[in-house]
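J.: Submitted below is the structure of interest, expressed as structure tokens.
Derivation of every value follows stated rules applied to the coordinates shown; laboratory data play no part. Since the model is a prediction, treat every value here as computed from it, not as a measurement. A quick note on method: Cβ atoms are made from the backbone with ideal geometry, for glycine too, and the neighbour counts reach across all protein chains shown.
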Amino acid sequence: MKFHHAALVCWLFFWIGLSAASSNAQTPEAGSGSSLSLANRLAPAGTQPQFQFHSGFWVNLHHFLYLQARIQSHELTRVGAAASNYSAQAVTLPANAPGAADWARAVDYYVKTFANRDLWVDLSMGMINDRLGEMDRCTDLSGKSSPTCASGLRPEMIDVLERAASVYRVQWWPAHDAKNRGWIAAQAPPVRQIGARLGEALSNAYRTPWPAEPIRVDLVYYASPFGSYTTLDPVHVMLSSEDASNQGPLGLELLFYEGSHAIGGSVEDVIVRECHTRGIPIPRDLWHALLFYTTAKMIGRVAPANADDDASVAVAHNYATGLNERGWQGYQRVLEVYWQDYLNGRTDFERALTALVANL
């Protein structure tokens, strides 16, 4: 099993608000993966996030196999389709194609082991994802090439992934990696343009500084039925470069929404406290809905006056439809009334959240 590793991880730096080198100054090879850091040396520490983007081979292979297993198991999926159409095409290989048996075995393993598990709720899935992200520089997961590449995953999973890797690298990885890198390149300009102001607005809204360490963002072909998700401790954002809901200005919105999970814990703490005080169940996903709503509202505030009207409409549309897609439409009224009062400066953080919970 061979990798082309002349540029396994190419570091491309873009400083928001500063003159930046061309995004194709160091173009990684199609089979090697890439990463890109977006930061702002001029902003005070903690006022805005540093996103570190990756297109990593092992993370992409893992998510693609998970998608194929979900399709085969008739679980909900969505890739590049309308939100109401939770379907994606299964990939097939001729029975006599090189590696076809290894690929079929890998999909079968994922059907039996992972298809019915949640990528972002299941803690062990998050741990697997974090570990595979750390393997960006490795040609294997078993430590054959280097002791630092001993992933510690279950031996059967290592064997499945290493055997499937040669098939994925030839059949799908070049296109997936190119799509990932294209998404990163497309989002770099708007992040540089408004990222510092948007990050500061969100930090102020949640009364929490951004982490000093960069937030890892992995681009993959598939990242849950909603096109993105985030796991915590450490913060790890997954975004689909293929999903239709993640393109253009909607991609910027999803990036900062997912990133906001790193600073939105203050919201969750107050919601939990108020629910305990009232002896009521903690509303499922209320704080996620609030982060989603706030990101859209703040983009509307910090976007330049001459911004594309279509982009503003798209983000506004995504806030309403996004809540509905995720089953959060029941929170829209209280967010627009009680949380919006806080965003408009008519009440304080604690009172807004207290009123929000009281009026669910």
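J.: Sorted by packing (mean other beta-carbon atoms within 10 Å per residue), highest first, where do 174-187, 151-164 land?
T.: 174-187, 151-164
J.: Now for a different question. If the cut-off is 14 Å between C-alpha atoms, which aspartates and glutamates fall inside it for LYS144, apart from same-chain ones fewer than 8 positions away?
T.: LYS144 reaches ASP159, GLU162.
J.: Arrange VAL121, VAL217, VAL337, VAL270 by Cβ neighbour counts within 10 Å, fewest through most, would you? Don't skip to the end; give the middle numbers.
T.: Working: VAL121 10, VAL217 25, VAL337 13, VAL270 18.
Final ranking by Cβ density, sparse to dense: VAL121, VAL337, VAL270, VAL217.
J.: Right, here's the next one. Rounded to the nearest angstrom and ordered from largest down, what semi-axes does the equivalent ellipsoid of segment 57-203 get from its C-alpha gyration tensor (root of 5λ)?
T.: Rounded to whole Å, the semi-axes are 28, 21, 17.
J.: What aspartates and glutamates sit close enough to LYS179 to cross-link, taking a C-alpha to C-alpha distance under 15 Å and skipping anything fewer than 8 places away on the same chain?
T.: Result set, ordered by chain and number: GLU29, ASP218, GLU242, ASP243.
J.: With θ set to phi - 60°, apply the Karplus curve 6.51 cos²θ - 1.76 cosθ + 1.60 along segment 141-153 and write out the HN-Hα couplings as whole Hz, x wherever there is a Gly or Pro.
T.: 10, 9, x, 5, 7, 6, x, 6, 9, 7, 6, x, 6
J.: Stokes-Einstein diffusion coefficient for segment 146-192 at 10 °C in a medium of 1.306 mPa s, Rh from the Kirkwood formula over Cα pairs: what value in µm²/s?
T.: In µm²/s, the coefficient is 120.
J.: Sorted by average packing, counted as other Cβ atoms within 10 angstrom per residue and highest first, what order do 109-119, 249-259, 222-232 take?
T.: Values: 109-119: 17.1, 249-259: 24.4, 222-232: 21.8.
Peptide ranking by packing, descending: 249-259, 222-232, 109-119.
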